[in-house]
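This report refers to the structure that appears directly beneath it.
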Amino acid sequence: MEHLLHYVWKHKLFPLKVLQTTNGLPVEVIDPGLQNPNAGPDFFNAKLKINGILWVGNIEIHAHASDWFRHGHDSDKVYDSVILHVVGEADGEITRTNGEVIPQLQLTCPEHIRAHYHELCVADQYPACYPVLASLPKLTVHSWLTALQTERLEQKARLITQRLEHCNNNWEDAFFITLARNFGFGLNGDAFETWAGLLPLRAVDKHRNDLFQIEALFYGLAGLFEDTFLKKEQEDEYSLRLCKEFRYLQRKFEFTRVMDATLWRFLRLRPENFPHIRLAQLAYLYQKGDKLFSRLLEAETLSEVRELLTTRTSAYWESHYLFGQTSPHKEKTLGERSKNLIIINTVVPFLYTYGLHKADERMCERAGRFLEELKAEDNHITRAWSNAGLPVATAADSQALIQLRKEYCDKRKCLFCRFGYEYLRHE
């Protein structure tokens, strides 16, 4: 039922009558928002009018209104941004963390959508041109994917150039901030970039030989020692020592701003991906040696790159995923799949950007070679293309197809796509 409601909301397949909240206020949906496949509200940045007043915010959808409490959204500040709760059955009011009531819209699913649910799912999952993809000439597919791969690298190069400007053209700083972002592995990417942007890196450099002090700075600036996040029952000897060290370093370097810890996401995350563990791995990598980007520039093979990215955690995190909560002992290393994603999203774009900056074709070619040697990413985008008939063998393929989905399919730019052209001319 909930999946159907998602489909109805996304495509605005509303009944031919005035939409109303459960307490009778008229609702006009201007923009249903962008669907969120990760943790958090189901749709971001929706625009609608409730009783003539414009609202911009997020949408959450449930089969029953009571699911809001069942999923713990009433005590999660992430869901305070929800401006409308869309439900199949309104079996009660729902509230934000401060007790404020959130408007609800009871939405029915049209019968014709129920009857053709499977066909609609297929149409929504695959690009419109999927019937012709399997029959396209290999040369057409290869040439378009190669162009898309280059387009994606150039797009990432522009973002890196912007980040460099913010870092006063310090390549090492820009690289670390990008690396930190990608340690968020999508869901916590924005939070990690915000955190890395707050780091006084020259101050951290003064303590590079002390992993404990690096952890103190990393966790403290991440807001993970603040009262609103670290509960009294979670405090233990290690967290208290870290917090004390952070307060000392905070006074020493005279910085007062720390990150809002509510930006961190935990819902639907495996414990290995908790921010605490990723921060510990970043701290170990930072302490392992300076000028990481310079050393990566000298790495000629993927095995050398993987060795430079090898990291673990301090002993405490081998038996913890969160402060004060013990877990079975396990070394928290960066797995092969995670390393591959870091190489694809951090190392390769930086090699390419640096090659462009230095007019060094060999560096750009090495970036392309690494993509050809890496396995393809496995995500909902690459699986959809594979199921539609396109081969996805290497990271070069997957990067090209991600670019195709995000920059052409999602933006309905079929007339600018070679696959769209083939589809439009087929009989």
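The values are calculated or read from the model by the stated rules, or taken from the named source; none is laboratory data. As the structure is a computational prediction, the values presented were derived from the model and not from experiment. Backbone-built Cβ (ideal geometry, glycine too); neighbour counts: all protein chains shown. We work out accessible area using only protein heavy atoms, side chains counted, and drop any ligands, DNA or RNA first. Shrake-Rupley method; radii C 1.70, N 1.55, O 1.52, S 1.80 Å.
Annotations for the structure displayed:
- With the convex hull of the Cα atoms taken as the outline of the stretch 321-364, the averaged projected area works out to 4.7 nm².
- Exceedance of the 29 Å cut-off in Cα-Cα distance is limited, within the set Lys10/Lys77; Lys77/Lys330; Lys206/Lys332; Lys156/Lys206, to Lys77/Lys330; Lys156/Lys206.
- A cut-off of 5 Å between modelled amide H atoms, ignoring neighbours fewer than 5 places along the same chain, links Thr311 with Leu334.
- C-alpha center-to-center spacing [the stretch 326-346, the stretch 224-253] in angstrom: 26
- Distant-in-sequence amide contacts of Ile30, defined by a placed amide H-H separation under 5 Å and a gap of 5 or more residues or a different chain, comprise Lys47, Leu48, Lys49.
- Euclidean distance between Cα centres, the stretch 384-414 to the stretch 1-55, Å: 28
- In the stretch 253-300, the GluC sites (Glu not before Pro) that fall in loop regions by DSSP, at most 11 other Cβ within 10 Å: Glu254, Glu298, Glu300
- Evaluating kT/(6 pi eta Rh) at 25 °C and 0.890 mPa s, with the Kirkwood radius of the chain over Cα pairs in the Stokes-Einstein relation, gives 101 µm² s⁻¹.
- Remark on the stretch 164-268: hydrodynamic radius 14.5 angstrom, per the Kirkwood mean of 1/r across alpha carbon pairs.
- Residues whose placed amide H lies under 5 Å from that of Lys375, excluding near-sequence neighbours: Ala395
- When both bridge partners sit in the chain, DSSP labels roughly 70% of those beta bridges antiparallel.
- Å² per residue, accessible surface of the stretch 240-296 at 1.4 Å: 55
- Here the stretch 1-79 is treated as a Stokes sphere of Kirkwood radius computed over C-alpha pairs; at 10 °C and 1.306 mPa s its diffusion coefficient rounds to 118 µm²/s.
- Above 20 Å, the calculated P(r) of the stretch 122-226 contains 59 percent of its Cα-Cα pairs.
- The listed peptides 192-198, 346-352, 10-16, ordered by packing as a protection proxy, come out as 346-352, 192-198, 10-16 (highest mean of other Cβ atoms within 10 Å first).
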